[in-house]
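> Here you go, one structure.
The values are calculated or read from the model by the stated rules, or taken from the named source; none is laboratory data. If you're wondering where the values come from, they're calculated on a predicted model, not measured in any experiment. Don't worry about glycine lacking a Cβ; one is built from the backbone with ideal geometry, like all the others, and counts go over all protein chains shown.
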């Protein structure tokens with residue numbers, strides 16, 4: 001494996017990790033918002 005391929009692999013892993021983290025946070029926000037809807041109505 002070349003250095004560039006290793007760098008790309010690391011970058012890709014970091015990005016996918018950040019993405020899953022972001023999605024998780026968004027899902028929590030959406031769930032909280034949906035839980036609050038009945039109290040608003």
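> Only one residue in 26, 32, 5 is modelled with pLDDT under 95 and under 21 Å from the mean Cα position of the chain (by Cα), so which one is that?
Of the residues listed, the single one that is modelled with pLDDT under 95 and under 21 Å from the mean Cα position of the chain (by Cα) is 32.
> Let me ask another. Kindly indicate whether residue 14 is surrounded by 10 or more Cβ atoms within 10 Å (Cβ to Cβ) and part of a helix (DSSP H, G or I).
yes
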